[in-house]
Amino acid sequence: MIRLFLVAFGLLLSLLFCAGADNKTVKIPEREFVVRTSSSGNKPALIVANTSLKKFEHKELYGWTCSLVISFKETTIDGMPTTEESDFVYNYIEELDKKIKGDAKQPNALYLARITWNGTCEVIWQVKDPKAVHEYLGGIITNKTYPRELDYQIEYDAKWKNVVTYLLL
């Protein structure tokens, strides 16, 4: 009886030890946003970037960049969304962000930036598991459950070279 208990206890410890080794806890910095205005092609641009990620030490764990572009339905003459349209789309982006991130303490994605320009809004995340994000966003597109036209791409960028501009704002 004691032997069976020791075997079971040893197995339980092994499972706990292995699970802990695979799920390394990473300290995620509190989000700090900077807002910048700019222009491109005589059109205004609004950039909101999470600059706390410039000091993030585990960039290689989030080595995939997901860029999602949403088209606004209602814009002003300069290509910026109306107040109602921006509220609607930004609320939708918040919903997407929660689903893409998953676990708040150990998220699958880190919100990096949002760029509003010329009738579109681009949102950028750095992602740990691209398959989960691809399945989620691909499902939205396949099932046509999006409120505005959208498209996305996911690319490997372990050193975050393609997004460094937003970290330096």
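Read the figures in this text as sums done on the coordinates, not as results from a lab. Predicted model, so just to flag it, every value in this text is computed and none were measured. Heads up, the Cβs are rebuilt from the backbone with ideal geometry, glycines too, and the neighbour counts pull from every protein chain shown.
Quick check: residue separation of residue 36 and residue 155 times 0.36 nm, minus the Cα distance between them. What number comes out in nm?
Working: separation 119, 0.36 × 119 = 42.84 nm, distance 2.52 nm.
Between residue 36 and residue 155, full extension yields 40.3 nm more.
I want to verify a result. In a Gaussian network model of the chain, Cα cutoff 10 Å, which of these has the top mean-square fluctuation: 124, 115, 140?
Answer for the Gaussian network model of the chain: 140.
Quick check: pseudo-label points 7 Å beyond the Cα along Cα→Cβ at residue 106 and residue 90, how many nm apart are they?
Reported label-point gap for residue 106 and residue 90 is 3.3 nm.
Students often forget the sequence filter, so: which lysines lie under 22 Å Cα-Cα from residue 43 once same-chain residues fewer than 8 apart are removed?
73
For residue 83 and residue 52 in the same chain, what is the full-extension length gain: residue separation times 0.36 nm, less their Cα-Cα distance, in nm? Working shown, then result.
Working: separation 31, 0.36 × 31 = 11.16 nm, distance 2.76 nm.
Value of the extension gain: 8.4 nm.
Provide the FRET efficiency to the nearest 0.05 for the residue 61-residue 136 pair, computing r from the beta carbons and using R0 = 25 Å.
Taking R0 as 25 Å, the efficiency between residue 61 and residue 136 is 0.85.
Loop only per DSSP, at most 12 neighbouring Cβ atoms within 10 Å: give me the trypsin sites (Lys or Arg not before Pro) in segment 61-169, ordered by residue number.
Values: sites: 73, 98, 99, 101, 105, 114, 128, 131, 144, 148, 159, 161; in loops: 73, 105, 128, 144, 148, 159.
Passing both the DSSP loop test and the Cβ count: 105, 144, 159.
So which lysines pass the test for residue 54, namely a Cα distance under 22 Å, with those fewer than 8 places away in the same chain ruled out?
Those lysines meeting the cut-off are 24, 27, 98, 101, 105, 128, 159, 161.
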